[in-house]
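All of the numbers you see were taken from the coordinates with simple rules; none came from a lab. All values derive from a computational prediction rather than experimental measurement.
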């Protein structure tokens, strides 16, 4: 017989994606255990064959740009496969977008982070418009009138796709367009012009190199007004039903994130409304950037968990040389190391979500902590995601290099969050600016680290402080890495089982940070580490 199928791994379906002890423990610790029931419902859907198929189809059938209709009228529509809309509908109905902003319940942003983490493991691309909608509300709070008009629609739990006037829709989504081809992250080099109109609005003219999610209803845009670089709200459809003068030039062909549309756009006198003060566009839109940077950390942590779960599932079922892979000593070392990285990222992102929740409710101390912790975490967690994805893929051997395994899609997606909302250098330099300008934020960071009360963490913390004290601009990456790792160690010492924190401290605080996965030192309880991750 040549067609017997033996020693192949069964499909990973029918499980609860939210059944992650680090996730559930952190969610309760950060004040969002009231949402555990909702999270498990979403986790069961995420683990279903139906949802997995939506993720596959949305990536196999990427969006298509339709610039004109059959008669030659300009329409600038982006066409999606039905699976995309299924993914989006679930995300909106479960409040993964802007709904926490309208909730008075403490922990709402943490509950949202846990759900975003869980549902992102089905398909990451559709998280882009969800994340930007979440973040846009923070920026709109600089303009009470715009907030009053748009926040109820942005926070609506109804997914209502299609270009129509906002007042005719049950819910809307937000995107953003900041960068231009001549400047990239240097947004002060933008040349898009904003000319005041008699009714108080502005006419925008220029080109944007990267418009995230151009199918959305409204966008936050940076443009040069008479008073300097300013932030604007630009709707796709005007109140009278006419299309705003925002032309989609082309969709980007990207390495990953294929299910989601990203575009180059041109404005030809497009109507927009000032958000915040004229000339203070960066300060205004940075509120949005901070929220999307949080989602970069959440998304990268979600990718790590997804890769780990796939690797563990494969290793539990696949045999080699007479034993299950998970029974092989070296494979156990690799799996345990991957589990450590995943738990550290998950625990850190939940702490950041908790800090965000408390900061937006007026806790100044949590805001100071978040200022440095978020910048360092955005750099480090997103930087670790690609190597984690590569190692997880390798655990599946040749099967992991095949599209049907989902691992190539995970690998292609893994560098995105390191680039989006500021590449590694931008994030590290932002941290350095915070350290120089806001010494109280540095104090808040190390006060948090000191809560571990552990000599290993204390010793590492002293080393990091010395690095910070002598660091110049060229050292920014090392500062970000060391700060993020010592914070992860502190959190795990306080909140994870000893087997996890001991292994993390032994391998990450030794001064040999960043080495290959699977090189954990001897004498650690790897069985307990793996068991917790299962």
What whole number of Å gives the distance from the Cα centroid of the stretch 213-270 to the Cα centroid of the stretch 306-354? 41 Å
In whole Å, how far is the Cα centre of the stretch 394-408 from that of the stretch 154-185? 35 Å
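How much length is gained if the chain between residue 527 and residue 69 is pulled fully straight, taking 0.36 nm per residue apart and subtracting their Cα-Cα distance, in nm to one decimal?
On the way: separation 458, 0.36 × 458 = 164.88 nm, distance 6.04 nm.
Taking residue 527 through residue 69 to full extension adds about 158.8 nm, to one decimal.
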Mind pulling the angle between the C-alpha long axis of helix 49-60 and the longest principal axis of the chain? Nearest 10 degrees, somewhere in 0 to 90. 60 degrees
C-alpha long axis of helix 476-495 to longest principal axis of the chain, angle in °: 60 degrees
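What shape does the stretch 473-534 take by its C-alpha gyration tensor, where a ≥ b ≥ c are the square roots of the eigenvalues and a/c under 1.5 counts as rounded, a/b above b/c as prolate, and the rest as oblate? Walk me through the numbers before you get to the answer.
Details: a/c = 2.66, a/b = 1.74, b/c = 1.53.
Verdict is prolate for the stretch 473-534.
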The Cα extents of the stretch 21-279 along the principal axes, largest first and rounded to whole Å, are 54, 41, 36
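Can you say what percent of the DSSP beta bridges in the stretch 21-279, counting only those with both residues inside, are antiparallel? Round to 5. List each step's numbers first, then the result.
Values: 36 of 41 bridges.
For the stretch 21-279, the DSSP antiparallel bridge percentage is about 90.
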Enter the Cα centre distance for the pair the stretch 474-491 and the stretch 118-141, rounded to the nearest angstrom. 26 Å
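Please give the calculated 222 nm ellipticity per residue for the chain, where each DSSP H segment of at least 4 residues contributes -39500 (n - 2.57) and the sum is spread over every residue; nearest 500 deg cm²/dmol?
Working: 18 runs with 275 residues, N = 534.
Helix contribution divided over all residues of the chain: -17000 deg cm²/dmol.
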Using only Cα atoms, tell me the angle between helix 424-437 and the longest principal axis of the chain; keep it within 0 to 90° and round to the nearest 10. 80 degrees
For the stretch 283-533, what is the per residue volume of the convex hull drawn over the alpha-carbon atoms, in cubic angstrom? 120 Å³
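Suppose a student asked you for the relative contact order of the chain, using Cα pairs under 8 Å spaced at least 6 residues apart; what percent would you report? Could you put the intermediate results ahead of the total?
Working: 984 pairs, mean separation 71.3, N = 534.
After rounding, I find 13 percent.
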